[in-house]
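Structure first, then comments.
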Amino acid sequence: MRNKTTILLSLFAVICMVIIGCSSGSNSSLSGGNWVGLSGASATVNYATLTGIITDENGQPLENVYVRILSASMVTDSAITDSTGRYQISMPSGVYTVTIQRNGYASVIEEVVLAAEEVKVYSTSISTAAAPTEPVNANIIGTVLLNATSEVLPNITVALMKDGKALATTTTTTEGKFIFQNYTTGMYSVSLSDADNKYVPTTYVIHILNDGKLSPELPKLYLSARTIEEEDTEVYYDKVTGTIYDDFSKAPLQYVKCSIKGIGDAVSDLNGKFVFDRKFLPETYDLTLERNGWTTLTTSFTIRQQKADPTKTEMVPATLTYFLSQNPETNKGAISGRIVNEITGKGIPGLIVRLYPYYYESFTNVVSETVDGKVIEREEIIDGWTLRGNPYPIVSTRTSSDTDSVASLSGSFRIEHVEPTTNERKYVVYVGVANTGLIATETVRSGFKFYVPDSNNASQVHCFDDVVVTKNITTYLHNFDLPNYDSPY
């Protein structure tokens, strides 16, 4: 009896061990590991590697190309090419669709088959996309580096914002890369920080242009390691501000990107003013000013302790005022103008000026009518100029104020790098007060919608709705007809 009991207990123990073994095996990860089923057989997930180099049509390697791989069962992964155009992705064996995307280039979609433990090389070239007729969405891809050594920084928190609103957050990869997908044109703030608080939080500005490209094209964002805690020193300069003007018209320049390496970016507002709202330790800082259509300016300023009172600081120069020169581009046009008080003849400063595209559209409408008892159909052409719904300005600026050197330029404005008009596209130039924009009125003709400038816009001072631009020529606009007035343009 004792032997039977012993045998039964031993058998029970073996069964329990098998059950426990099966249970623990079912919780094992399938990712790159083994698991044991009831049969005791070992199943292995064998990964393959997809790698290659992405180039342009001239064979030059392209950085920041987004490579995405997707299976029919929605297994997916992605990578971003480095400065040599190289990428690498590891996935289980199978059939995948590979999508290659880069801002300003035509996408490529291919099917690849990955065998177990295979290292498959898939390299391809992508071609520059045709110039878009409307604003194009884009991916915001960049690299985060250490300011002192330019080494890439992984695990940095990257937050995307626009107009003060948080849009998305991500973390940099082991290569220091980050991506935000499919965003519309405009100015975006990218804030960098880290969980361990080893680096000074920094904000940069990235601009998605109407053609879907980024400015800067290959964003490299720098973080500085914390060396001196700002709260540990009483000697610092609080908030750096400055103003930027167009050198030609003396009008304030909006949307100028102002960069201080290791500190971050700021963007000039409608009055040409930029602000770095943080504490600056005593040292010399390099400042770069950039805007499409104007020559980039690199300058510097110094924060130093005052000789009379070393506990206080001062900035040299004391006022940061800069004038950017236009950078003419072959085969592009320009628009200059002046808005004056038609009674006094004096220029009106501080008005907002915005440029909008105006499109010609044509529709074919089939009209039925009865003639002599018979129904006859004929085609009717419905055409006209339209703002295409909620209009989006290509660029904004302000009319200039009087200056000591050029008082006659008050009320002047200038817009550079304008695409020449065609039979299908011309421009509307809106001039208004405060931070306002063009309002479109919807009109319906035979069921087709057209959008034209609203003449009842209370904020509008003047609207030029038939502006033609010719390559290498400046189009001059004014809201007056004064005798003996000699245009400075």
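Figures for the structure shown
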{"read-out": "Equivalent ellipsoid, the stretch 113-152 (semi-axes from 5 times Cα gyration tensor eigenvalues, Å)", "value": "29, 27, 10"}
{"read-out": "ASP77/ILE109 FRET efficiency (R0 25 Å; Cβ-Cβ; nearest 0.05)", "value": "0.95"}
{"read-out": "Nearest-0.05 FRET efficiency for ALA130 and THR49, computed from C-beta distance (R0 56 Å)", "value": "0.95"}
{"read-out": "Segment ALA195-SER300, length gained on full extension (0.36 nm per residue, minus Cα span)", "value": "34.6 nm"}
{"read-out": "Efficiency of FRET between VAL316 and ARG86 - r from beta-carbon atoms, R0 51 angstrom, step 0.05", "value": "0.65"}
{"read-out": "Counted charge near ASP246, where neighbours are those whose Cβ lies closer than 12 Å (Asp, Glu -1; Lys, Arg +1)", "value": "+2"}
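Bear in mind these aren't lab numbers, they're just calculated from the coordinates by the rules spelled out. Everything numeric here is computed off the predicted structure, so don't read it as measured data. Cβ atoms come from the backbone with ideal geometry, glycine included; neighbour counts cover every protein chain shown.
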